[in-house]
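Each remark here refers to the structure printed beneath this line.
Values in this text are rule-based calculations from the coordinates and carry no lab data. If you're wondering where the values come from, they're calculated on a predicted model, not measured in any experiment. Virtual Cβ from ideal backbone geometry, glycine too; neighbours counted across all protein chains shown.
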Amino acid sequence: MRRRAAPALPDPGLADLAPDERLRRLELTVTRRLDGLLHGQYRGLLPGPGSEVAGSREYRPGEDEVRRMDWAVTARTTVPHVREVDADRELTTWLLVDASPSMEYGTATLDKRELAVAAVAAVGFLTAGVGSRLGALVLAPDGVRRFPARGGRTHLLGLLRALLAAPRVGGYDVAGQPAAADAAPLRRPQFGASRPAADAAPPGLADGLDGVGRVARGRGLVVVVSDFLDGLPDDPDAAPPWEVLLRRLAVRHQVLAVEVTDPRELELPDVGLVTLVDPETGRRREVWTGDRTLRERYAQAATAQRDQVRATLRRCGANHLALRTDRDWSADIVRHVHAQRRLAAAPAPNRGGFA
């Protein structure tokens, strides 16, 4: 009599692994799956023209932008010419990572905090290169933590370890274990921390964007990883407090806004009486989810809220990458990068010039 083979156990998910094992899993996912699909050593998440002049060629009506016109060559040859540029090979990337209590929520394989760490790993490994540097600001409940811009794999792994080991306000760390009551805040001698006073409100997204604007002096890439719910007004026509600062960054830098969401933030399931808790303020409210009208109103309000975030990011001129805890984040990044490359390769509309 043949023995039945034992069913194969599923591979442990990212949330089931220890911090060091998660780092190895993240690095393998990015370097093997993402880097294998996103060819090109110096192509990042936001491909586009560089700033190093590589020569000139004749102007093509309907394809070239007038702002790239090489007027010196045009005057010498009496034929319209445009400048050709090469992409910069040294990139300074600044990350703003939202680690507020609202990012600790999650009902799928990962929670929003863990998905934010995965996004940071993807950005860090994809933008790593000779001469490239990576810096970060982390919005923690006790202040803004700053990692100076440095290069190398060791620096990136140190940043990821710090994000994974950061204590949680909800009483649980990233590994799902209860956090000690006297757990010390994240401390490293390599970076500074700006902590608010005891009676001051925790830093918001506007504080983090203002900090990025102060440290990111040269042109580069700025990546903001958040749910963008901080200070979002009820009026969809009103601007959130962080819009002006994000728009100011987009004028000087390439800005990528990584929006992290959970499916339960978009719709409520019919599970009877539940208690909803605001992680930022601790306010509680009991809700009867069996009411169909209530669930429909909740879904409509959540959709309107996400539309408001997308419209705000579009006004700011930031590229928008939406990640969800119930989807394959690496596949979403691949689709986003391919879409951005198609847009970058598409000819720009004719904005006037020589006919």
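Normalised Debye scattering of segment 92-345 at q = 0.13, 0.15, 0.16 Å⁻¹ gives log10 I(q)/I(0) of -0.86, -1.16, -1.33, counting only Cα atoms as equal scatterers and leaving out solvent. Potential lengthening of the chain between ARG297 and ARG315 amounts to 3.8 nm, from the contour at 0.36 nm per residue minus the alpha-carbon distance.
Ranked by the mean number of other Cβ atoms within 10 Å of their residues, highest first, the peptides 227-234, 301-308 fall in the order 227-234, 301-308. This model, with +1 at the C-beta of Lys and Arg and -1 at the C-beta of Asp and Glu, gives segment 247-292 a dipole about its Cα centre of some 420 debye.
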